[in-house]
Amino acid sequence: NTHGRRSERFFRALAAVCVVCRRLQTMIDDAVLLEAVAKQGGYEEVENEQAWGAIAKVLGQRKTDASKLKQRYEEMLLATADAEKEDEDEEAQIIGREHEVEDILDDRIEAGEKQYLVKWRDEPGEFEDASTWEPVDNLGGSRSLIAQYERRKEAAARLTDGCAADSAPAAAPAAAPA
């Protein structure tokens, strides 16, 4: 009975390995097909020259498999185009979405242009560091936050200046005439 269970597990594991091997072989076959088409000048050239039979021969396939190779190649083209479209759509969504400014943290002059360190209010985990330096032109909808930051900065400067004046040593008394 124990021997039977071991055999069953062995055959299940062997079947899983076969599935992986078939997937790997498909990936290798796809790569070889891509390379063969590229060597023939690309899809349009192969299509114009009706060279799918030659591709089949190069790949060690029967000429009658040419239509299957063409179909597989077109499936790969469509999958690639779909993936690129999804990437473009996702990128456009990210770029097109207005990010909300949470706060202005600092400012600097970079290449003669004033920039602000912006803390973004984004989805948790969307960005590792949710703060970036941005030129004023990129912050059109955040004028009130910029004004608040500038007021805080001025108040801090006045406070610092006042503290410096309070901590300055008193002037020495004038010497009495001799």
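I'm checking my understanding of the structure. Among residues of region 45-82 that are of a type in the set (Val, Ile, Thr) and surrounded by 13 or more Cβ atoms within 10 Å (Cβ to Cβ), which one is farthest from the chain's Cα centre (by Cα)? If you could, list the steps in order and put the result at the bottom.
Taking region 45-82 as the starting set, the residues that turn out to be of a type in the set (Val, Ile, Thr) are 46, 55, 58, 64, 80.
Within this subset, residues satisfying the condition of being surrounded by 13 or more Cβ atoms within 10 Å (Cβ to Cβ) are 46, 55, 58.
Values: VAL46: 35, ILE55: 37, VAL58: 39 Å.
Looking at the filtered set, the residue picked out is VAL58.
One line per residue, one yes/no per condition, for (1) open to solvent by less than 100 Å² (accessible area, probe 1.4 Å); (2) in a loop (DSSP other than H, G, I, E, B); (3) at pLDDT 75 or above:
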position	(1), (2), (3)
ASP89	yes, no, no
VAL101	yes, no, yes
ASP107	yes, no, yes
LEU117	yes, no, yes
GLU128	no, yes, no
SER144	yes, no, yes
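Suppose we filter ALA156, ALA170 for residues that are surrounded by 10 or more Cβ atoms within 10 Å (Cβ to Cβ), at pLDDT below 90 and more than 27 Å from the chain's Cα centre (by Cα); which single one remains?
ALA156
Counting only residues that are open to solvent by 100 Å² or more (accessible area, probe 1.4 Å) and modelled with pLDDT of 70 or more, how many does region 11-34 have? First the steps, then the outcome.
Residues of region 11-34 that are open to solvent by 100 Å² or more (accessible area, probe 1.4 Å), as a first pass: 11-12, 22-23, 27.
After this cut, where a residue has to be modelled with pLDDT of 70 or more as well, the list is 12.
Counting residues in region 11-34 that are open to solvent by 100 Å² or more (accessible area, probe 1.4 Å) and modelled with pLDDT of 70 or more gives 1.
The values are calculated or read from the model by the stated rules, or taken from the named source; none is laboratory data. For clarity, every value in this text was computed on a predicted model and none was experimentally measured. Positions of Cβ are generated from backbone atoms using ideal geometry, with glycine treated the same way; all protein chains shown enter the neighbour counts. SASA here: full protein model, heavy atoms, side chains in, ligands and nucleic acids out. Shrake-Rupley method; radii C 1.70, N 1.55, O 1.52, S 1.80 Å.
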